[in-house]
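Heads up, the thing below is written out as structure tokens.
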Amino acid sequence: MESLINFVENEFVPKNEFPEFSAGDTITVYYEIKEGEKTRTQFFRGVVIQRRGSGATETFTIRKMSGTVGVERIFPINMPALQKVEINKKGKVRRARIFYFRGLTGKKARIKEVRS
């Protein structure tokens, strides 16, 4: 049964090609929004909190500060509305899921940048 699920995922689910990113990276996600008959591109720039899942069900969570309010958004990696993902900064963190980042404010909320 599991091999059948993997076969269907590999054959029929469209794959999006995005650059490699992980928790701690600052990325910009461009995605399409439909409002009535019109479509427009909107972007969401923030820090990757986590990546979870694998294959067709993989998702990633991005967190940004909008004024003084933290906003998080979960994107499926195979969402058809995703247009592109840009990596702005590579961050150095020691965890795969940085939920502790939610409680940090000010200078403590900075993530060290990895120069490449």
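The values are calculated or read from the model by the stated rules, or taken from the named source; none is laboratory data. Note that the structure is predicted; figures quoted are calculated from it, not measured. Cβ placement follows ideal geometry from the backbone for every residue including glycine, while neighbour counts extend to all protein chains displayed. The protein model used for the area step is the full one, side chains on, heavy atoms only, and it has no ligands, DNA or RNA in it. Shrake-Rupley method; radii C 1.70, N 1.55, O 1.52, S 1.80 Å.
Solvent exposure of region 34-116, expressed per residue, is 74 Å² of accessible area, with all protein chains present and a 1.4 angstrom probe. Kirkwood hydrodynamic radius of the chain, from the reciprocal of the average inverse Cα-Cα distance over all distinct pairs: 15.7 Å.
On C-alpha positions alone, give me the angle between the axis of helix 2-12 and the longest principal axis of the chain, in degrees, nearest 10. Taking the Cα atoms of the chain, the angle to 2-12 is about 90 degrees.
Along the axis of the charge dipole computed for the chain (Cβ charges of +1 for Lys and Arg, -1 for Asp and Glu, origin at the Cα centre), the listed residues VAL8, PRO76, GLY103 are led at the positive end by GLY103. Going by accessible surface with a 1.4 Å probe and the largest first, PHE21, PHE12, PHE7 read PHE12, PHE7, PHE21.
A simple spin-label model places pseudo-atoms 7 Å from Cα toward Cβ; at PHE12 and MET79 they are separated by 2.3 nm. Net charge of the neighbourhood of GLN42, taken over other residues with C-beta under 15 Å away and scored Lys/Arg +1, Asp/Glu -1, is +4.
For the chain, the fraction of 1.4 Å probe accessible surface lying on carbon and sulfur atoms is 51 percent. Helical runs assigned H by DSSP (4 residues or longer) give the chain a calculated mean residue ellipticity at 222 nm of -3000 deg cm²/dmol, each run adding -39500 (n - 2.57) before division by the residue total. A simple charge model with +1 on the Cβ of Lys and Arg, -1 on the Cβ of Asp and Glu and nothing else charged puts the dipole of the chain at about 1100 debye relative to its Cα centre.
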